[in-house]
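Read the figures in this text as sums done on the coordinates, not as results from a lab. Nothing here was measured: the structure is a model prediction, and the numbers come from that model. Virtual Cβ from ideal backbone geometry, glycine too; neighbours counted across all protein chains shown.
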């Protein structure tokens with residue numbers, strides 16, 4: 001009897017061994033996730049504190065391999081990029097994963113840990129084409145997306161929105177494609193333009209899309225360009241079959257757009273459209289006509305003047321940024337009040353339309369610089385210096401609730417609860433509503449015993 005039991009046990013173990021070997025790289029289909037629908041939260045199996053928003057295209061089949069995009073929002077709102085990308089993911093058959101943990105203010109080690117756990121979970125649960133893993137991100141999330149490609153490797157391409165690469169001490173070892181998106185009023189515009197120049201010199205496949213707007217994810221109407229970029233490069237690298245109809249149809253539409261711009265005498269815009277066509281499809285189709293039109297426009301006086309003006313404006317903006325960084329440390333509040341008035345006036349003036357976006361970018365740049373200094377000094381315990389930058393922050397960006405919240409943090413640290421609650425009221429009146437941040441803030445926890453703490457929470461809820 002004992003021998004019989006032993007034989008059965010050995011048989012079961014052998015079966016489980018052969019089953020695990022035969023399943024090999026097949027995805028774990030234990031979970032039944034609805035396709036064609038955004039799932040706000042999927043908890044990682046190995047760590048239930050880490051989760052992601054998920055989208056599986058309607059044609060998802062565990063017996064096939066699908067490209068995947070890991071997306072990082074600046075505020076750990078994974079649903080935002082998933083909802084933004086889902087229409088194109090449905091059209092082209094991509095899995096979307098949006099981190100609910102990665103956010104601005106975390107260390108690189110923390111961000112990489114969140115990615116590692118999340119990616120292991122996704123690669124274990126779903127059928128992923130590992131040669132077509134992409135990352136995407138906005139603001140600090142864009143730096144996370146690039147960091148994964150730079151430091152972890154295994155990334156086919158990056159969709160970087162409104163911020164470039166992290167600080168690098170050594171040359172990049174891994175190759176990946178890069179498409180950037182940035183608003184013409186974004187304080188990181190100049191950084192994104194400079195990054196494209198560096199990628200060109202380094203021989204990376206790259207493209208930059210500029211839209212009208214501030215520091216934000218790109219409008220949904222621009223998202224198709226990211227997917228066309230990824231699809232075209234995957235065809236060039238033979239990671240997917242060449243789709244002749246798709247290539248020809250896209251080129252036909254874009255060539256028509258470029259010729260329409262030419263006919264309307266919008267020569268700089270036409271020039272950039274022909275550049276885009278060549279950048280996306282060179283190597284997949286005959287680019288002779290596009291190159292011919294591009295060369296003709298390169299000799300156009302208006303195009304040349306535009307290119308020169310763009311370069312000069314970039315140099316001017318960089319120079320002003322450098323001066324402002326020095327002034328933040330040297331100039332008093334009264335000087336800044338006058339300077340911000342001048343900047344706002346220029347940003348709204350129609351006398352020099354070409355410089356309007358630059359003025360708005362400079363205002364955003366100063367806001368970010370003041371915030372970064374104030375927050376960093378607060379965390380370092382240099383409270384006197386932090387107070388000065390919080391005041392400058394309120395002058396530079398008076399409608400931003402963050403300066404009032406930082407002021408409240410300062411007052412808590414200096415044992416002035418009355419002033420702290422007044423500043424919190426101001427932050428709420430300016431739109432602050434992040435109850436979770438307030439509740440998890442170790443500084444604000446010092447106010448919990450005060451009856452006004454619960455009242456403040458209620459005000460945020462309303």
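For the chain, the antiparallel share of DSSP beta bridges with both residues in that region comes to about 25%. Value of Rg to Rh for region 38-240, rounded to two decimals, is 0.93; Kirkwood radius and Rg both from alpha-carbon coordinates.
Determine by what factor the alpha-carbon radius of gyration of region 124-258 differs from 2.2 N^0.38 Å, reporting the quotient. Could you put the intermediate results ahead of the total?
On the way: Rg = 15.2 Å, N = 135, 2.2 N^0.38 = 14.2 Å.
In units of the globular-protein estimate, region 124-258 measures up at 1.07.
Rg over Rh for region 306-461 works out to 1.06, both radii taken from alpha-carbon positions and Rh defined as the Kirkwood radius. Ordered by the number of other Cβ atoms lying within 10 Å of each residue's own Cβ, fewest first, 142, 423 fall into the sequence 423, 142. Considering only alpha-carbon pairs that sit under 8 angstrom and 6 or more positions apart, the relative contact order computed for the chain is 8 percent.
For region 297-354, the square roots of the Cα gyration tensor eigenvalues, ordered a ≥ b ≥ c, give a/c of at least 1.5 with a/b no greater than b/c, which places it in the oblate category. Find, to one decimal place in angstroms, the Kirkwood hydrodynamic radius of region 242-299, where the mean of 1/r is taken over every pair of different Cα atoms and then inverted. 11.4 Å is the Kirkwood radius here. Separation of region 228-259 and region 368-427 by C-alpha centroid, Å? After rounding, the separation between the Cα centres reads 50 Å.
Listing 135, 240 from fewest to most neighbouring C-beta atoms within 10 Å gives 240, 135.
Exposure proxy ranking for 138, 246, based on other Cβ atoms within 10 angstrom of each Cβ and starting from the fewest, stands as 246, 138.
Identify which of the listed values of mean projected area of the Cα convex hull in nm² was calculated from the structure shown: (1) 20.6; (2) 24.2; (3) 29.8. Recomputing mean projected area of the Cα convex hull in nm² here picks out (3). Distance from the C-alpha centroid of region 123-195 to that of region 267-293: 25 Å, rounded to the whole angstrom.
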